[in-house]
Amino acid sequence: MDNNENVFTNREITVTYAPRCCVNAGLCANQLSNVFRSSVIPWIDLEGAQTDVIIKQINKCPSGALKYHLNKKEVA
Ligand code: SF4
């Protein structure tokens, strides 16, 4: 099934974006524009803020279009 989902990752978290769920309120881009960029591709840059800040912003997404999960730590 193609749900047109976008996936982004840094070393700590993986973020998914489901554009069909997005209500385009612009909350993420307005409040954390270094990460959620409206005019650049790829539009999510997980290097733009610390992971805890990104997680707090994702938790504010009103539609559930943005989700995240913690990456498993690599075993040395
Ligand atoms: S906060 Fe969520 S619903 Fe709002 S623009 Fe961003 S992804 Fe879309």
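Read-outs: derived from the displayed coordinates by stated rules, not from any lab. Bear in mind that the values here come from a model prediction, so they are computed numbers and not experimental data. Reconstructed Cβ throughout: ideal geometry from the backbone, glycine too, with neighbour counts over all protein chains shown.
Residues checked against (1) without any contact (Cβ under 8 Å) to a residue 40 or more places away in the chain; (2) within 12 Å of the ligand (Cβ to nearest atom); (3) in contact with a Pro (Cβ under 6 Å, 6 or more places away or on another chain):
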site: Asn10; (1), (2), (3): no, no, no
site: Ile13; (1), (2), (3): no, no, no
site: Thr16; (1), (2), (3): no, yes, no
site: Ala29; (1), (2), (3): yes, yes, no
site: Asn34; (1), (2), (3): yes, no, no
site: Val40; (1), (2), (3): yes, no, no
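Residues that are near the ligand (Cβ under 9 Å from one of its atoms), part of a helix (DSSP H, G or I) and within 16 Å of Asn6 (Cα to Cα): does the stretch 54-71 have at least one?
Restricting attention to the stretch 54-71, the residues satisfying the condition of being near the ligand (Cβ under 9 Å from one of its atoms) are 57-58, 60-66.
From what's left, part of a helix (DSSP H, G or I): 57-58.
Among the residues that remain, those that are also within 16 Å of Asn6 (Cα to Cα) are: 58.
Checked against the condition, which is being near the ligand (Cβ under 9 Å from one of its atoms), part of a helix (DSSP H, G or I) and within 16 Å of Asn6 (Cα to Cα), the stretch 54-71 yields at least one hit.
What's the total number of residues in the stretch 42-53 that are farther than 13 Å from Thr14 by Cβ and either within 16 Å of the ligand (Cβ to nearest atom) or under 9 Å from the mean Cα position of the chain (by Cα) (or both)? Please lay out each step first, then the result.
Initial filter on the stretch 42-53 (farther than 13 Å from Thr14 by Cβ): 42-43, 45, 47-50, 52-53.
Checking the rest, the ones that are also either within 16 Å of the ligand (Cβ to nearest atom) or under 9 Å from the mean Cα position of the chain (by Cα) (or both) come to 42-43, 45, 48-49, 53.
So the answer is 6.
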